[in-house]
1. Would you please calculate the Kirkwood hydrodynamic radius of region 441-530 over all C-alpha pairs and express it in Å, rounded to one decimal?
2. Pop a pseudo-label 7 angstrom from the Cα along the beta-carbon direction at both residue 98 and residue 365 and give the gap in nm to one decimal.
3. Points 7 angstrom from Cα along the Cβ direction at residue 19 and residue 464: gap in nanometres?
4. So how do 147-160, 123-136 stack up, highest first, on mean other-Cβ count within 10 Å?
5. Taking 0.36 nm per residue of sequence separation and subtracting the Cα-Cα distance, how much length would be gained by fully extending the chain between residue 373 and residue 195, in nm to one decimal?
6. Decide, for region 164-224, between rounded, prolate and oblate: order the square roots of the alpha carbon gyration tensor eigenvalues as a ≥ b ≥ c, take rounded if a/c falls under 1.5, and otherwise choose prolate if a/b is larger than b/c, else oblate.
7. Pulled fully out, how much extra length does the chain show between residue 229 and residue 113, if you take 0.36 nm times their separation in residues and subtract their Cα-Cα distance?
8. At R0 = 56 Å, how high is the FRET efficiency between residue 314 and residue 187 if r is their beta carbon distance? Nearest 0.05 is fine.
């Protein structure tokens with residue numbers, strides 16, 4: 001760990017565009033930023049992105065320099081790739097800032113010799129040992145991140161902000177001596193830190209953060225509520241105590257002292273799984289899902305849902321809780337007509353009969369009823385900042401040509417460009433009715449239908465307290481007659497209060513089953529096990 005006092009004044013990043021609350025980071029340190037709220041992390045990412053745009057539009061002779069109460073010259077590396085697929089490594093390193101040859105003050109062409117020499121040096125510096133002619137679409141995730149870090153270094157960045165950079169790099173590096181792609185990336189960030197750069201990592205993996213960060217800040221309500229530091233030479237027990245404190249601050253200030261933060265996810269999952277499997281047939285489950293796995297459309301080698309099994313009994317409301325990239329939404333939508341993900345495998349049984357749900361029509365015929373507020377997740381990027389939503393039926397074909405992006409990987413308030421602003425204005429003028437009223441109407445229609453299982457996705461999204469009460473009353477009425485419901489929501493506290501039991505998902509895997517009334521203290525280690 002470096003000594004921040006010896007590396008210069010601190011930087012500050014507003015927690016959200018226009019926010020008066022700022023996050024302070026010292027040069028020569030790695031700061032991990034944790035939050036249970038995707039919107040808080042998204043606000044910080046949007047603020048950093050806005051600063052990058054201001055730097056891009058500022059005259060080159062007026063750089064933003066580090067100093068007290070200021071933002072550094074920074075670079076942002078998000079989950080959405082910033083690599084041009086058809087460009088080689090040299091072109092990608094200098095994307096947007098090509099050096100020119102000059103005759104005095106007059107530019108006379110691109111300085112390709114300088115580009116090649118500087119690209120070779122900086123790529124070697126970040127450990128990207130590939131031919132310079134390698135195209136962007138030939139890179140794996142670790143190589144992509146190395147390339148974007150190289151671009152940041154050529155731009156003389158003082159501060160680098162990364163959004164969950166190890167999410168697609170395999171097993172989390174939760175120990176300092178870990179190996180694998182995640183560990184290699186974190187080691188590279190450590191070397192950049194040791195050279196005096198400030199590094200900020202947005203993450204929902206507090207256990208991993210404690211293995212590489214100098215400190216961990218926790219956000220809630222778009223402000224910093226705590227900052228934690230692991231003392232040098234701390235024992236494993238001391239590190240787990242700090243992790244427990246981080247989880248407490250992440251999940252509404254609940255007391256996690258009584259939770260088994262070191263092994264709760266695996267132990268809870270084993271016990272819950274065994275109990276439900278042994279009794280499921282005896283109690284007559286309406287819905288049984290066994291061994292359900294789903295692959296990512298944009299990255300088919302990656303599982304977004306991994307071997308998940310659960311049951312829903314008559315008269316039962318089962319919640320599904322998860323943080324970012326938990327796979328909760330993918331789980332529900334893939335069961336209902338393969339409306340998310342690709343190459344789904346596993347078994348679905350309704351009222352004891354194995355059914356096919358690979359189309360919406362078959363899902364309906366099987367007895368499934370869907371209601372909620374799903375957002376069109378995949379978009380095709382066009383010039384001018386336009387991002388056109390794409391229907392699920394066309395996702396796979398367009399993905400094969402590299403034309404799609406995942407809207408869930410960049411929060412809506414981080415999107416920029418004239419096209420995005422125009423589309424937002426059009427949407428605000430052309431909404432067809434009230435979304436809450438539509439969901440309420442579907443809930444009220446469900447009891448009279450012949451279908452047995454209600455699948456609910458974020459039904460309370462944007463609802464007022466009164467609307468939430470009406471929706472909840474309709475949901476309880478819907479299952480009172482012996483039907484069942486599955487409810488996916490980011491409001492974990494609501495699920496724990498109102499569902500008969502709640503499934504905890506983390507990065508596509510079922511980590512535990514929580515009965516009604518379980519505290520957020522117990523849920524926290526299951527939702528953020530890494």
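1. Working: mean 1/r = 0.0709 Å⁻¹.
About 14.1 Å for region 441-530.
2. With each label point 7 Å from Cα toward Cβ, the separation is 5.6 nm.
3. 2.8 nm
4. On the way: 147-160: 21.9, 123-136: 15.9.
Answer by packing, highest mean first, reads 147-160, 123-136.
5. Values: separation 178, 0.36 × 178 = 64.08 nm, distance 4.66 nm.
Stretched fully, the residue 373-residue 195 segment lengthens by 59.4 nm.
6. Numbers: a/c = 2.01, a/b = 1.29, b/c = 1.56.
Note, shape of region 164-224 comes out oblate.
7. Working: separation 116, 0.36 × 116 = 41.76 nm, distance 4.57 nm.
That works out to 37.2 nm of additional length.
8. Values: r = 53 Å, r/R0 = 0.94.
Working from the Cβ atoms, E equals 0.60.
Read-outs throughout are calculated quantities, based only on the coordinates presented, and are distinct from any laboratory measurement. All values derive from a computational prediction rather than experimental measurement. Using ideal geometry, Cβ is built from the backbone for each residue, glycine included, and neighbour counts are taken over all protein chains shown.
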